[in-house]
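Okay, here's the structure, questions in a sec.
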Amino acid sequence: MKNRKALVVLSGGQDSTTCLFWAIDKFGKENVSAIGFDYGQRHKLELECADKICKKVGIPYEIVPTPIINQLSANSLTREDIPVEETKPEGTPPNTFVEGRNLLFLSYAAIYAKTHGITDLVTGVCETDFSGYPDCRDIFVKSLNVTVNLAMDYNFVIHTPLMWLNKAETWKMADDLGVLDTIYNETLTCYNGVLGEGCGHCPSCTLRRRGYEQYMEMKKCTK
């Protein structure tokens, strides 16, 4: 893949930043760029984290304002007056689910990619630890890949390096890529906007911490 260009959908969280370094490894740094979306999220600091990481490693990063998502979807990530639920309700997605977010992000990324001669899109969605978000499923990504190819008459390839990994395995990937400390200290996964280890009690922090502890235990057992 070293002769192709890749665009990473980069939020500044653990998963998308791990995918950024995966893309650098697979495509070569000179062929990788990144795009982020400002939709008025309560944890908007994540975009600053993404920008700092891209500057540090020398990757072009563009932030695209998408306020329409905030306008259309009322949830705990787009409304300060809706508290983040610490446990997922039975039978429904959590109130952190932003309707249509990945559909729009990947569609916008595809438009940007085509106008810049990029064929490969990289996203950190994952079905193993997907928190009940329907737009993180493999079947959704595959169907959208077909749709954007048809819509733009262009041969996109959407890569999902984390699709079948749990959080412990995602930490292992970061470690294998030599960026474990960067992911641990410089990314923002917390829904309440706290850098690194996060607030410690929102669903995203709980999942991240549990995966890290599992990976550290696995690593210790293999020594």
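The values are calculated or read from the model by the stated rules, or taken from the named source; none is laboratory data. The structure presented is a predicted model; accordingly, all values stated were derived computationally and were not measured. Every residue, glycine among them, receives a Cβ derived from its backbone with ideal geometry; neighbour counts consider all protein chains shown. Only protein heavy atoms, including side chains, enter the accessible area calculation; ligands, DNA and RNA are left aside. Shrake-Rupley method; radii C 1.70, N 1.55, O 1.52, S 1.80 Å.
Around Val8, which amide H atoms from residues at least 5 apart in sequence, or from another chain, sit under 5 Å from its own amide H, with H modelled in the peptide plane?
It is Ser33, Ala34, Ile35, Val122, by chain and number.
Right, here's the next one. Where in segment 87-158 are there GluC sites (Glu not before Pro) that are in a DSSP coil and have at most 12 other Cβ atoms within 10 angstrom of their Cβ?
Listed in order of number, the matching sites are Glu90.
Here is a follow-up. Any chance you could run the full-extension gain for Lys55 through Glu197? It's 0.36 nm times the residue separation minus the Cα-Cα distance, nm to one decimal.
Extra length from Lys55 to Glu197 when fully extended: 48.9 nm.
On to the next question. Write down the accessible area per residue of segment 10-152 in Å², having rolled a 1.4 Å probe over the full set of protein chains.
45 Å²
Mean Kyte-Doolittle hydropathy of 1.0 or higher plus an axial Cα length of 20 Å or more: which whole DSSP H helices in the chain meet both?
Flagged H segments are 138-152.
Along the Cα→Cβ direction, 7 angstrom out, place labels at Met218 and Ile82. What is the inter-label distance in nm?
So the label points at Met218 and Ile82 sit 3.3 nm apart.
Positive end of the dipole of the chain, charges at C-beta (+1 Lys, Arg; -1 Asp, Glu), about the Cα centre: which of Gly58, Thr128, Cys199 has its Cα farthest in that direction?
Gly58
Relative contact order for segment 9-157 using alpha-carbon pairs under 8 Å, separation at least 6, rounded to a whole percent?
Reported as a whole number, the value is 22 percent.
In the set [x] 14.5; [y] 13.6; [z] 12.1, which value of mean projected area of the Cα convex hull in nm² was calculated from the structure you see?
Label of the calculated value: [z].
Give the carbon-plus-sulfur fraction of the accessible surface of segment 122-222 in %, rounded to a whole number; probe 1.4 Å, heavy atoms of protein chains only.
Accessible surface attributable to carbon and sulfur in segment 122-222 totals 54 percent.
Name the GluC sites (Glu not before Pro) in segment 178-215 that are in a loop by DSSP and that have at most 15 other C-beta atoms within 10 Å, would you?
Those that pass, being in a loop and sparsely packed, are Glu197.
Would you grab the residues whose amide H sits under 5 Å from the one on Val64? Only those 5+ places off in sequence or on another chain, please, with H modelled 1.01 Å from N.
For Val64, whose amide H was placed from the backbone, the distant partners under 5 Å are Gly36, Phe37, Asp38.
May I ask for the distance between the Cα centers of segment 1-55 and segment 159-223, given as a whole number of Å?
Segment 1-55 and segment 159-223 have Cα centres spaced 16 Å from each other.
If you don't mind, another one. Between Arg4 and Leu72, what is the label-point separation in nm under the 7 Å Cα-to-beta-carbon projection?
2.9 nm
Just read off the accessible area of Arg79 with the full protein assembly in place, 1.4 Å probe, to the nearest 10 Å².
60 Å²
Leaving ligands, DNA and RNA out of it, report the carbon-plus-sulfur percent of the accessible area of segment 16-100 at a 1.4 Å probe.
53 percent
Quick check: net charge around Arg4, other residues with Cβ under 12 Å of its Cβ, Lys/Arg +1 and Asp/Glu -1?
Residues close to Arg4 contribute a combined charge of +1.
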